[in-house]
Structures are given as structure tokens and as C-alpha cells.
Amino acid sequence: MIIGVTGHVGSGKTSFMLRYASSFGREGLFVVAGLNDIPAMEGTDSFRWKVIDVLGAKGKLLPAVLDRINCEANIFRADRRVLVVDSIAGYFAACHHELLADSLITVEMYRHGLEEYRKQLERALFSYQGNIFIISAEPAELTPFMSTNERVYHEQLGAFNRSVGLKCHQWFVMTAGMAVDVKAIQFRGL
């Protein structure tokens, strides 16, 4: 089962998702990726969290970490265990820094590289066997003041959110600490 949340900085995504995920099992893996800090762990006293740090430059390794967790997980404990991934935007930021470390990178190379990083992450998330909770971010509005690479970054983050939003069971949007399940109220269209 996939459950996702998105929102802007400081909207309460992480604390909401940790509380919500703790209601689905007895133990959890909290994977902190990208350029984030590790927050204080929340949940009931009977819920155990194990934090997996994929911070900084290691953030681009998130798909490999998820694959390893999936391969080494005990399938018989899957109903009692949850995996929370925070944050997809942090993962994209780590990939962004990795790509820009090459001073000779062109815009097309950057676009292709970030798209490949996105596809690797989607593959790892969609192949996970168990309950996975994904914390993402809202891409910024594209403006004429953004560099081409910034535009590509936000386009790929938006493409990731669309892809996960279509496959998830619930998709929450956070605003000022309040969560709305937009998957439950989506317009089915004609």
C-alpha cells in the first residue's frame, strides 16, 4: 500500500505522516533522504522507529537503499512494519547537486540525468512489498526568473508526484498542519 503526502515547507508533512504511519503497524523504518535534518520521532510508546540516514551526498542512493530494504525484509512481518520516506524533494536536491558537480554538464544532460534519477526512485518505490509512506513537496510555480535547471528540477518533482499520486491508495495535501485526502475527493471526470 502506498500513501503519500505533499505540501510546502513547514506545513507539518513529516509529523503528520509519522503519526499516521504508526497507526498501521508496530515498527517502522524512517528513511531520511537528501538535505533534511532528522526530526524528533513521534508515535506511541509501543511503536518502534529505526532511522536510516541517507543524508547529504548519500541522498542520491535512496533507490538502492529502498531496494535493499525490500530484498532483506521478512515478508511475514510486512503487515506489522511501515516504511516512511522523507523527503522526495531532498532526494531530488541531492541528485541536483550530484549532477551540477560536473562543470561541463549541459541542460539536456541535466534534464536526462534528473529524469533517470526520478525513474530509478519510482521503480524502487513501486516494487516495495509492504506499507510505504512517501513525503514529498509541492513543486514551486515556474517563473521567468528561474534558471533552466531549476525549471527542470520542479518539472521532475511534479512528474514524480503525478506518477505516485496515480498509483497510491491515499494522497494527502498539507496546509497549515491540516491534511486533506485529495485521492478520496478527486473528480472522476467524464
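Here are the numbers:
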quantity: Selection count, the stretch 155-173, where residues are touching a Phe, Trp or Tyr at 6+ places or on another chain (Cβ under 9 Å), more than 20 Å from Tyr20 (Cα to Cα) and either aromatic (Phe, Trp, Tyr) or free of Cβ contacts under 8 Å to residues at least 40 places away in the same chain (or both); calculated: 1
quantity: Residue pairs meeting the criteria (Cβ under 9 Å; at least 6 apart or on separate chains; first touching a residue at least 40 places away in the same chain (Cβ under 8 Å) and more than 10 Å from Met1 (Cβ to Cβ), in the stretch 117-132; second of a type in the set (A, V, I, L, M, F, W, C) and loosely packed, with under 15 Cβ neighbours inside 10 Å); calculated: Gln120/Ala64; Ala124/Ala64; Gln129/Ile75
quantity: Boolean, Leu125 is touching a Ser or Thr at 6+ places or on another chain (Cβ under 8 Å), in a helix (DSSP H, G or I), within 30 Å of Cys71 (Cα to Cα) and open to solvent by less than 20 Å² (accessible area, probe 1.4 Å); calculated: no
quantity: Any chance Leu29 is at pLDDT 80 or above and either crowded, with 19+ Cβ neighbours inside 10 Å or part of a loop (DSSP other than H, G, I, E, B) (or both); calculated: yes
quantity: Yes/no for Tyr117 being surrounded by 18 or more Cβ atoms within 10 Å (Cβ to Cβ), part of a helix (DSSP H, G or I) and touching a Cys at 6+ places or on another chain (Cβ under 9 Å); calculated: yes
quantity: Flag if Cys95 is assigned to a helix (DSSP H, G or I) and in contact with a helix residue (DSSP H, G or I) (Cβ under 9 Å, 6 or more places away or on another chain); calculated: yes
quantity: Flag if Arg111 is within 30 Å of Ser22 (Cα to Cα), assigned to a helix (DSSP H, G or I) and open to solvent by 40 Å² or more (accessible area, probe 1.4 Å); calculated: no
quantity: Conditions (1) at pLDDT 80 or above; (2) assigned to a helix (DSSP H, G or I); (3) in contact with a strand residue (DSSP E or B) (Cβ under 8 Å, 6 or more places away or on another chain): number failed by Gly59; calculated: (1)
quantity: Members of the stretch 128-137 that are part of a loop (DSSP other than H, G, I, E, B) and either under 10 Å from the mean Cα position of the chain (by Cα) or among the charged types (D, E, K, R) (or both); calculated: Ser136, Ala137
quantity: Residues that are in a loop (DSSP other than H, G, I, E, B) and open to solvent by less than 20 Å² (accessible area, probe 1.4 Å), drawn from the stretch 138-173; calculated: Cys168
quantity: Residue check for Glu72: surrounded by fewer than 15 Cβ atoms within 10 Å (Cβ to Cβ) and under 26 Å from Ile52 (Cα atoms); calculated: yes
quantity: Sole residue being touching a residue at least 60 places away in the same chain (Cβ under 8 Å), surrounded by fewer than 16 Cβ atoms within 10 Å (Cβ to Cβ) and of a type in the set (Gly, Ala, Ser), chosen from Ala176, Ala89; calculated: Ala176
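The values are calculated or read from the model by the stated rules, or taken from the named source; none is laboratory data. These figures come from a predicted structure and were not determined experimentally. Glycine gets a Cβ as well: all are built from the backbone with ideal geometry, and neighbour counts include every protein chain shown. These accessible areas exclude ligands, DNA and RNA; they are computed on the full protein's heavy atoms, side chains included. Shrake-Rupley method; radii C 1.70, N 1.55, O 1.52, S 1.80 Å.
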